[in-house]
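Provided herewith is a single structure, encoded as structure tokens, for subsequent inquiry.
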Amino acid sequence: MIEDSRNGFKSGFVAVLGRPNVGKSTLVNQLVGAKVSITSPRPQTTRGPIRGVRNGPGYQAVFVDTPGSQKPRDTLRSRMQQQVLDSLSESDVVLLLFDAEGAKKGLGTGDRYVARLVAESGAPAIACINKVDLLRDPSEAFPIVEEVSNLAEYEDVFLLSAKEGLNVEPLMETVVGLLPPGPHYFPEGAVTDYPESLILAEYIREKALNVLREEVPHAIAVEIDEVERKDSGVTVVYAIIHAERASQRMIVLGKNGKTIKQIGTEARRDVERLLGTRIYLDLKVKVTPGWRNDPRFLERLGL
Ligand SMILES: Nc1nc2c(ncn2[C@@H]2O[C@H](COP(=O)(O)OP(=O)(O)OP(=O)(O)O)[C@@H](O)[C@H]2O)c(=O)[nH]1
Ligand SMILES: [Mg+2]
């Protein structure tokens, strides 16, 4: 470690903040070059601080994806909010994201709230106006750039498309420029320190979020019961989808089990890519009332 800093090695934690759905997880995956964090069109997709590592010549950047900032209305959401604050206090650099499309009518109270948190933390921050691919003309972003620039002092302001990768590499160069001298926090080659079983659960939850609507996505938790590697080369993954009410369980199952089957098929493909083996996915749906307010249950989910 000491040797690293003597060599002029740079490293640090880069927290990615912003209100729900602005594209934080999509950006982290782009920066890291791997799918470490799940994404979905539903707000409040990310629940825990997932770290993704990018190594380059003379540096290691550890990106910390955070849940979208919001009012905590239950134990789950107050933990999510606490994770935002913890990640911010431990960061060397902050990426603060805004949604170019959503901000066309001006920034919202959520945006201002996160911007204030970041400004108060005193960490060097880069403002990123994301989803510019949704603008008909780049000039539509100018008023947002001005509004964002008036919020606080930023090291830089970027117009991004996390989805298409636009300006992601120039952003990366700016991040590296802001990293302090430091050690390797993670061995080279490790793209995340998130445990395999929790990643598996997240992949399944992502597919569930993509097919479920309204309030159901937020009422769902996925837990991996067991992972069994058979001699035949097949890995059997036993997973449980927890819902809060019997009616939600019925929705997750779908007519004749159609919905759960779709979730399972899509999740299996991703999990096979992740583990590089053939997967048999055993998915069950269980009613666990009030899990969102059960600290022990939340700990089991790594939250
Ligand atoms: N068009 C467009 N869509 C994007 C872009 N970045 C993200 N999205 C989409 O926006 C939605 C939300 O993206 P996420 O990365 O899950 O957003 P998030 O900020 O992590 O959301 P939470 O975890 O809920 O706070 C997904 O449907 C993404 O595909 C972008 O640059 N352009
Ligand atoms: Mg997210």
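At 0.36 nm per residue, and after removing the present C-alpha to C-alpha distance, how many nm does the segment from SER232 to GLU173 gain when stretched out fully?
16.7 nm
Taking a cut-off of 17 Å between Cα atoms, list the aspartates and glutamates near LYS104, but don't count ones fewer than 8 places away on the same chain.
ASP133, ASP137, GLU140, GLU146, GLU147
Further question: Filter LYS35/LYS71; LYS163/LYS207; LYS207/LYS286; LYS24/LYS207; LYS163/LYS258 down to the pairs with a C-alpha to C-alpha distance above 23 Å, please.
From the list (LYS35/LYS71; LYS163/LYS207; LYS207/LYS286; LYS24/LYS207; LYS163/LYS258), the Cα-Cα distance tops 23 Å for LYS35/LYS71; LYS163/LYS258.
Follow-up. What does the convex hull of the Cα atoms of the range 196-300 come to per residue, in Å³, rounded to a whole number?
About 89 Å³ per residue, rounded to a whole number.
Of the heavy-atom accessible surface of the chain (probe 1.4 angstrom), what whole percent is carbon and sulfur?
Solvent-exposed carbon and sulfur of the chain make up 49 percent of the total.
What's log10 of I(q)/I(0) for the chain at q = 0.07, 0.15 Å⁻¹, Debye sum over Cα points only, no solvent?
At q = 0.07, 0.15 Å⁻¹ the computed log10 ratios are -0.29, -1.21.
Still on this structure, I have one more. Can you give me the relative contact order of the chain as a percent, contacts being Cα pairs under 8 Å and 6 or more apart?
Relative contact order, the chain: 19 percent.
Still on this structure: Can you bin the range 144-265 into rounded, prolate or oblate? Criterion: square roots of the alpha carbon gyration tensor eigenvalues sorted a ≥ b ≥ c, rounded for a/c under 1.5, prolate for a/b above b/c, oblate for the rest.
Note, shape of the range 144-265 comes out oblate.
Whole number please: convex hull volume per residue, Cα atoms of the range 2-178, in Å³.
Looking at the range 2-178, the number lands at 113 Å³ per residue.
Before rounding to the nearest 500, sum -39500 (n - 2.57) across all DSSP H runs of length at least 4 in the chain and divide by the residue total; then give [θ] at 222 nm in deg cm²/dmol.
So the calculated ellipticity at 222 nm is -11000 deg cm²/dmol.
Also, quick follow-up: From the phi angles alone, apply the Karplus equation (6.51, -1.76, 1.60; θ = phi - 60°) to the range 120-129 and give each ³J(HN,Hα) in whole Hz, x where the residue is Gly or Pro.
The phi angles translate into 5, 6, x, 6, x, 10, 10, 8, 10, 9 Hz.
Looking only at the range 285-303, which residues have a backbone nitrogen under 14 Å from a spot 7 Å from the Cα of SER78 in the C-beta direction?
292-296
Where only protein heavy atoms count, and the probe is 1.4 Å, what is the accessible area per residue for the range 196-300 in Å²?
54
Roll a 1.4 Å probe over the protein chains and send me the accessible area per residue for the range 2-178 in Å².
Per-residue value: 43 Å².
Also, I was wondering about something else. Among DSSP beta bridges whose residues both lie in the chain, state the antiparallel percentage, nearest 5.
That works out to approximately 35 percent antiparallel.
Here's another thing I want to ask about it. Take the alpha carbon atoms of the range 141-171, find their center, do the same for the range 53-85, and report the distance between the two centers in whole angstrom.
20
Please list GLU173, GLU206, GLU196 in order of solvent-accessible area, largest first, computed with a 1.4 Å probe with all protein chains present.
Correct descending sequence by accessible area is GLU173, GLU196, GLU206.
The values are calculated or read from the model by the stated rules, or taken from the named source; none is laboratory data. This one's a predicted model, so the numbers in the text were calculated from it and none came from an experiment. With ideal geometry, Cβ positions are generated from the backbone for all residues, glycine too; neighbour counts draw on all protein chains shown. Accessible surface is based on the protein model in full, side chains and every heavy atom, while ligands, DNA and RNA are left aside. Shrake-Rupley method; radii C 1.70, N 1.55, O 1.52, S 1.80 Å.
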